[in-house]
1. Over all distinct Cα pairs, what is the inverse of the mean 1/r for the range 67-193, reported as the Kirkwood hydrodynamic radius in Å?
2. If you place +1 on the Cβ of every Lys and Arg and -1 on the Cβ of every Asp and Glu, how big does the dipole about the Cα centre of the chain come out, in debye to the nearest 20?
3. Taking Cα pairs under 8 Å and at least six residues apart, what relative contact order does the chain come out at, in percent?
4. Using the per-residue mean of other Cβ atoms lying within 10 Å as a proxy for protection, in what order, highest first, do the peptides 159-168, 39-48, 128-137 fall?
5. Any idea what diffusion coefficient the range 36-95 gets from Stokes-Einstein, in µm²/s, Kirkwood Rh on alpha carbon pairs, 4 °C, 1.567 mPa s?
6. Restricting things to alpha carbons, find the Rg to Rh ratio for the range 104-175 using the Kirkwood radius for Rh.
7. I'd like to check one number: the per residue accessible area of the range 76-163, probe 1.4 Å, reported in Å² as a whole number.
8. Out of the total accessible area of the chain (probe 1.4 Å, heavy atoms of protein only), what percent is carbon and sulfur?
Amino acid sequence: MVIGGNLAHLLQPAQMDAYGHEECLEGTRIDILSQIMHWATNCSVDKNVMWFHGLAGSGKSTVSTTLANNLWWTGHLGAYLCFDRNVKEMSDPSVVIRTLAYKLALTNWSLGAAISRVIESNPGIVQAHIHLQFLQLIVEPLLAHRFTYSILPIVVIMDVLDECGSPAECRHLVEVLSKDTSCLPFVRFLITS
């Protein structure tokens with residue numbers, strides 16, 4: 001079975017994390033942080049995708065970094081991916097699903113093992129169309145292993161998604177995500193742009 005470093009080698013995830021990102025200053029953005037935290041951690045909320053948008057420089061990434069850190073402390077953070085069009089590795093749409101699978105695998109051993117089994121039985125999945133990758137590396141393993149999580153919902157943050165590839169590539173990625181996220185009601189997807 002492929003675990004840890006071997007999984008990283010096979011998935012070839014990108015470094016799309018919050019390293020170097022600032023959090024909100026203490027006592028600021030309280031209302032928006034509270035609203036999003038309530039949505040993200042409340043199992044009875046029926047919408048599992050939130051689009052948080054605004055002008056460049058309005059603080060969306062600062063808010064998403066603060067949320068990611070808060071969600072990590074509460075055990076709800078499944079993955080945080082941050083895009084940057086000026087860094088190829090952080091804006092390549094072909095690695096988004098693989099990176100998401102890797103980050104989710106790190107949060108739950110049985111989920112990581114399931115993702116590893118998918119790759120072992122079909123190594124070509126890492127080069128497949130992103131919709132097929134999303135189904136086989138994310139949706140199916142999460143559905144099969146949702147009861148192994150002690151804290152639900154799981155939250156995935158995709159910060160500055162509009163900087164992922166060209167506008168057409170980004171639109172295609174959003175279409176893939178929106179098509180199949182409804183079957184994952186125990187996962188929240190926060191997308192900023």
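1. 14.7
2. 360
3. 34
4. Output ranking for 159-168, 39-48, 128-137: 128-137, 159-168, 39-48.
5. It comes out at roughly 97 µm²/s.
6. When Rh is taken as the Kirkwood radius, the ratio is 1.01.
7. 39
8. Carbon with sulfur: 57 percent of the solvent-accessible area.
The values are calculated or read from the model by the stated rules, or taken from the named source; none is laboratory data. Predicted model, so just to flag it, every value in this text is computed and none were measured. Here the Cβ is made from the backbone with ideal geometry for all residues, glycine too, and neighbour counts use every protein chain on show. For the accessible areas, the whole protein counts, side chains as well, though only heavy atoms, and no ligand, DNA or RNA atoms are used. Shrake-Rupley method; radii C 1.70, N 1.55, O 1.52, S 1.80 Å.
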